[in-house]
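What follows is one structure encoded as structure tokens, with my remarks underneath.
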Amino acid sequence: MKLNITRLTKNITQNYYIKAPVLSRCLSTQEAIERRHHLFTLEKKRQMESVGRIEKIEVRYKGVPKDCTLVMNKDISTPFDCARHFTEWHMNTSALALLDGTVYWDMHRPLTESCTLEFQTFSVHDPLHVNLAFWRTCSLVLGACASVAFKDTVPVVLHSFPHPNVRSGSFTYDIDLPSLHDWKPTEQELITLSAEYVKIIRQNLPLERLEVGEALAKEMFIDNPHKSKQIPDIARNHGSVTVYRMGTHVDISKGPLIGNTSQIGRVAIPAVHKIDNVTDEDVTHLYRFQGVALPTGVRLNHFAFSVLIDRAKKFNKSQRIRFKTSTDVSKSEEERVKMNA
Amino acid sequence: MNQADVSKLVSKLRIKVRPNHRNLKNPKGPEGRLDKLRKTVTGLVKYERIELNVNRADEARQYAERLISEAIRHGDCHKPTMDVANYWLLEKELIHKLFKVLVPRFENSKLSYTRLINAPRAQNTRNSEKVVLELRDNPYPDLMSKQSQDKYLIQNVLLDAAKLDYRRAKYAEVAQKMGKASNGKLNDEVKEARNSKESMSIKETKDPIENKTSGI
């Protein structure tokens, strides 16, 4: 089946006149997910094989139980592999790795050169970047959750999620539901969404990172008109497209993300709002899914959490700018990144 | 003046020592008490963090402190100290740990070598109080983290933003009310002029806010 699909894709993409729409009609949401997963696996394998002769790097670890030096494999070993040399606690609680005291690195991204390494948990002294990574991951998981939560008859087209802003009170994902004209989720539907979300995070899935070229990214998201529209912009700005895989779900994100979904603790999806003022003409019915979550191990009074839920119900409008043209979006995002940096 | 300085003869402990010891009631009497305490001290040196009943923990803590301070004072070439270590540590490989790991760790420390922390206790139970006895600078995560006060933690950032949001909403509400109250008065006057002939009683019961909504 997978082979057939890839063959079909090749034929179609070679033909200039018939493009994505044909295939997108052929693929159901589930098939498209499986196909992306398959392509991701192949590309990851290819990149692993292209490493060639294994070189050693020195990783100087700082932190508990004591500072030490590890000799790891270049382009193969990840910070998570380093954590495995210490304790289970290091593996479970580290959300991000800090290289040379400046660069925030994913736990499952191979190290490229000798460096110093610190693990960042959610309770480090200045957890700004960990919080951003957490919020970004929550958005990504929300996309995965929405794409499995609906019935097969309802097509789900993921659009994008904006730059994380914890102070806005909710993480969001903008999702296009072409077959639902004016959907107002009932209380029960929202509970179901939250339950699906919890089901995903309970699987303890690692978040794997991969940098792929523009062509492959387009191939991966050929069924998704919005993403395939965004890919050229991203590729132009960053040189390549960064995709993440969580279980079988593959999505585009700038990163970095936290190491594992088990680090997401209490979560609620309290609201889905319809967005009407979209300038993009391809989008038919865009909905903004909103949620709020806390890391594992954070104990918060149920009343305090209900306050957070009530706030997350309000429409998260801080990123309205997102709905201008795609070039504006990338510009404004860059500005925002600069402001944060 | 010829009296010896006591603190040079006996280690001065950095913890509070009770004037009388606890008997730690058991069938074997004082010997059984010491057996219990030897087991506890051995466990403490081995695992570095143990959970116990409060009596036993506090009693064992004093012996552990004394043992470590003797080891620091005299080192491993001192026969009496070695005998003491041999007596208190039931597993003999821990004697190496005492002199090679714990002595370097605590040599320059100005604090006590152990910590005694109250453990949580289930509500409405009659079990005796539990405590956690640990060696300082152990490799485990800190038990007494005060970091939940850090304003940059994600839960605090969220709550802080929610608080600000709530306050803004309240200010806006109050401001609107004030505006409405003055508007309402105006509306009242206009209506008074208009409805004075019709009915006096309804107008008096009406709220200024209601007037405003009906007026618009």
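The values are calculated or read from the model by the stated rules, or taken from the named source; none is laboratory data. No experiment lies behind these values; they were computed from the predicted model shown. Here Cβ is always computed from backbone atoms with ideal geometry, including for glycine, and neighbour counts include all displayed protein chains. For accessibility, only protein heavy atoms count, side chains too; no ligands or nucleic acids. Shrake-Rupley method; radii C 1.70, N 1.55, O 1.52, S 1.80 Å.
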Restricted to segment A:284-341 and to residues being small (Gly, Ala, Ser) and at pLDDT 60 or above, the residue nearest to A:Leu158 (Cα to Cα) is A:Gly291
Index of the failed condition, A:Gln120 passing every other in (1) within 14 Å of chain B (Cβ to nearest Cβ); (2) open to solvent by 20 Å² or more (accessible area, probe 1.4 Å): (2)
Filter segment B:156-170 for residues that are facing another protein chain (nearest Cβ under 8 Å) and either in contact with a Ser or Thr (Cβ under 8 Å, 6 or more places away or on another chain) or basic (Lys, Arg) (or both) and give the result. B:Ala161
Condition test on A:Ala217, is it farther than 20 Å from A:Ile33 by Cβ, in contact (Cβ under 8 Å) with a residue 12 or more places away in the chain, small (Gly, Ala, Ser) and touching a strand residue (DSSP E or B) at 6+ places or on another chain (Cβ under 8 Å)? no
Across segment A:163-181, which residue is farthest from the chain's Cα centre (by Cα) among those that are hydroxyl-bearing (Ser, Thr, Tyr) and not in a strand (DSSP E or B)? A:Ser179
Looking at segment A:83-117 only, could you name the residues that are in a loop (DSSP other than H, G, I, E, B), within 11 Å of chain B (Cβ to nearest Cβ) and crowded, with 16+ Cβ neighbours inside 10 Å? A:Phe86, A:Ala95
Could you run through segment A:271-319 and say how many residues are assigned to a loop (DSSP other than H, G, I, E, B) and within 14 Å of another protein chain (Cβ to nearest Cβ)? 11
All positions within segment B:93-111 that are exposed (fewer than 13 other Cβ atoms within 10 Å of the Cβ) and more than 27 Å from the chain's Cα centre (by Cα): B:Glu93, B:His96, B:Lys100, B:Pro104
What is the one condition in (1) hydroxyl-bearing (Ser, Thr, Tyr); (2) more than 30 Å from B:Asp142 (Cβ to Cβ); (3) in contact (Cβ under 8 Å) with a residue 40 or more places away in the chain that B:Ser112 does not satisfy? (2)
Mind listing just one residue for me: the one in segment A:147-162 that is within 13 Å of the chain's Cα centre (by Cα) and open to solvent by 20 Å² or more (accessible area, probe 1.4 Å) and, of those, nearest to the other protein chains (Cβ to nearest Cβ)? A:Phe161
Residues of segment A:82-137 being touching a Phe, Trp or Tyr at 6+ places or on another chain (Cβ under 7 Å) and among the charged types (D, E, K, R), in sequence order, are A:Asp126
B:Leu133 open to solvent by less than 80 Å² (accessible area, probe 1.4 Å) and either within 24 Å of A:Ala304 (Cβ to Cβ) or not polar (S, T, N, Q) (or both): yes
Return the residues of segment A:127-146 that are in contact with a Leu (Cβ under 7 Å, 6 or more places away or on another chain) and within 14 Å of chain B (Cβ to nearest Cβ); say none if nothing qualifies. A:Pro127, A:His129, A:Val130, A:Ala133, A:Arg136, A:Thr137
Take the conditions under 19 Å from the mean Cα position of the chain (by Cα), within 14 Å of chain B (Cβ to nearest Cβ) and closer than 30 Å to B:Arg105 by Cβ and apply them to A:Phe80. Does it pass? no
Give all pairs with beta carbons closer than 6 Å in which a residue from segment B:9-34 that is charged (D, E, K, R) meets a residue that is outside any loop (DSSP other than H, G, I, E, B) and surrounded by 12 or more Cβ atoms within 10 Å (Cβ to Cβ); count only pairs at least 6 apart in sequence or on separate chains. B:Arg22/B:Asn55; B:Arg22/B:Glu59
Test: B:Ile117 is away from every other protein chain (no Cβ under 14 Å), out of contact with any helix residue (DSSP H, G or I) (no Cβ under 8 Å at 6 or more places or on another chain) and open to solvent by less than 60 Å² (accessible area, probe 1.4 Å): yes
